[in-house]
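Following: one structure in structure tokens, then a few remarks.
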Amino acid sequence: MKKITKAVIPVAGLGTRFLPITKGVAKELLPIIDKPALQYIIEECVASGIEEIYLITSPLKPAIKNYFSKNIKLEKFLSSKEKYEELKLVQNISNICKIYYLVQKEPLGSGHAVNLAQKYIKNEPFAVLYGDDLMSYDKPVLKQLIEVYEKNDSNVLGVKKVKDDLVNRYGIIEFEDENLMKVKSIVEKPNIDSAPSNIASLGRYILKPEIFNELDNLKMTNKEYQLTNAIDNLMQKQDFYACEFVGDYYDIGSKFGYLKANIEFGLKRDDIKNELQNYLKQKY
Ligand code: UTP
């Protein structure tokens, strides 16, 4: 079985749910306390054994590549001021992992974005992480998916139960065998009445390279090539298992999800926790 060492992170979406800020700032760069959301996701990759990351970026979001690139001027400045702690912080960002940037000229959907990595991934299974789906965890969520892949030698979806009123926001899975967590199909944003379950696929995938055949032959729905549709097609030919991961999930592409992530991450940070707790207690 091939080891999972490559990850694709699509970050070229327009973020229309988070306007107006996303007119000028990529949602994936919005800070959770003091670090961009995307940095946490890249750190999750590194902690899960990923060695190469393919970021699918947009010409409208040049700041993403700038942030993860070396900034010699800033490093020289920090060095001259003997700010060595800050220097290390800045250097660690550009040394975090081998990152390759692939440009999606137009936002034609998550499936189109992932397919741009085809010639670099070639014939290997790989990970996909959505750049606006942030996880907090004890064990990295991607690592939990990789363990399911290693057990079954299969495609894997990261999933969690969601409340009934949220079912119409996600790809919802239908089980072939719930005890084995074997998945039969996935439906994008169903109504609660027609939804096969309330188990949602949440922005973490391990995919076999045959997904690229499905992406090459995919039809547009709602003017986009949706990764979920290609996954559903591949499910008719290959095994998919669900990994109900342990950890919390935040959709930082939505305003409330972003706010929640900042509060929850703040409550976990030793340097902020007490002040934030006291503030919330006193005020509310
Ligand atoms: P989303 O559907 O959450 O992103 O895609 P979006 O299209 O930016 O969202 P809204 O609805 O307009 O607010 C999940 C991930 O896939 C990327 C996004 O940047 C996000 O990280 N994506 C989406 C692309 O890279 N290309 C696309 O064409 C669409």
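FYI, it's all coordinate maths here, none of it is from the lab. Everything numeric in this text was worked out from a predicted model, so none of it was measured. Virtual Cβ from ideal backbone geometry, glycine too; neighbours counted across all protein chains shown.
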Once Lys and Arg get +1 and Asp and Glu get -1 on their Cβ, which of 144, 179, 266 lies farthest toward the positive end of the dipole of the chain?
266
Taking segment 133-284, the whole-percent share of alpha-carbon pairs separated by over 27 angstrom is 31
If 167, 8, 25 are placed from fewest to most neighbouring beta carbons inside 10 Å, the sequence is 25, 167, 8
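Sort 138, 232 by Cβ crowding within 10 Å, fewest neighbours at the top.
Working: 138 6, 232 21.
Fewest-to-most Cβ neighbours within 10 Å comes out as 138, 232.
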From the backbone phi of segment 210-226, what are the Karplus-calculated ³J(HN,Hα) couplings (6.51 cos²θ - 1.76 cosθ + 1.60, θ = phi - 60°) in whole Hz, Gly and Pro given as x?
4, 4, 5, 4, 5, 5, 4, 9, 6, 9, 6, 10, 6, 6, 9, 8, 8
Rounding to the nearest 10 and keeping the result within 0 to 90°, find how far the Cα-based axis of helix 141-152 lies from the longest principal axis of the chain.
30
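Suppose every Lys and Arg Cβ carries +1 and every Asp and Glu Cβ carries -1, with no other charges. What dipole size does the chain come out with about its Cα centre, to the nearest 20 debye?
1000
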Heads up, segment 56-210 by the C-alpha gyration tensor (a ≥ b ≥ c square roots of eigenvalues; a/c under 1.5 rounded, else a/b over b/c prolate, else oblate) looks prolate
Within 10 Å, count the other beta carbons around each residue, average over each peptide in 211-223, 35-47, 154-166, 80-92, and list them highest first.
35-47, 154-166, 211-223, 80-92
Taking only Cα atoms and a 10 Å spring cutoff, compute GNM fluctuations for the chain and point out the largest among 123, 71, 179.
179
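Which whole-number percent gives the relative contact order of the chain, counting Cα pairs below 8 Å spaced six or more residues apart?
Values: 509 pairs, mean separation 64.7, N = 284.
Here the relative contact order equals 23 percent.
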Might you report the magnitude of the Cβ-based charge dipole of segment 85-200 about its Cα centre, with Lys and Arg at +1 and Asp and Glu at -1, to the nearest 20 debye?
340
Show that you can apply the helix-only estimate: for the chain, add -39,500 (n - 2.57) for every DSSP H stretch of four or more residues, divide by all residues, and state [θ] at 222 nm to the nearest 500.
-10000 deg cm²/dmol
Could you work out how far helix 255-268 tilts from the main Cα principal axis of the chain, as a 0 to 90 degree angle to the nearest 10?
60
Tilt, helix 84-94 to longest principal axis of the chain (alpha-carbon atoms), in degrees rounded to tens, equals 30
What whole number of Å gives the distance from the Cα centroid of segment 215-284 to the Cα centroid of segment 197-214?
15
For q values of 0.13, 0.15 Å⁻¹, compute log₁₀ I(q)/I(0) with the Debye formula on a Cα-only model of the chain, without solvent.
-0.92, -1.21
Put +1 on the Cβ of every Lys and Arg and -1 on every Asp and Glu Cβ in the chain; which of 249, 154, 277 then has its Cα farthest towards the positive end of the dipole?
277
Ratio for segment 201-284, C-alpha Rg to 2.2 N^0.38 Å, reads 1.65
18 Å tail of the calculated P(r), segment 12-66, as % of Cα pairs:
36
Assign one of three labels to segment 4-129, namely rounded, prolate or oblate, based on the Cα gyration tensor with a ≥ b ≥ c the square roots of its eigenvalues; rounded applies when a/c is under 1.5, prolate when it is not and a/b is larger than b/c, and oblate otherwise.
oblate
Cα centroid of segment 93-114 to Cα centroid of segment 25-75, whole Å:
10
Semi-axes of the equivalent ellipsoid for segment 93-172, Cα gyration tensor, largest first, Å
23, 19, 15
Net charge near residue 144 (other residues with Cβ under 12 Å of its Cβ; Lys, Arg +1; Asp, Glu -1) is 0
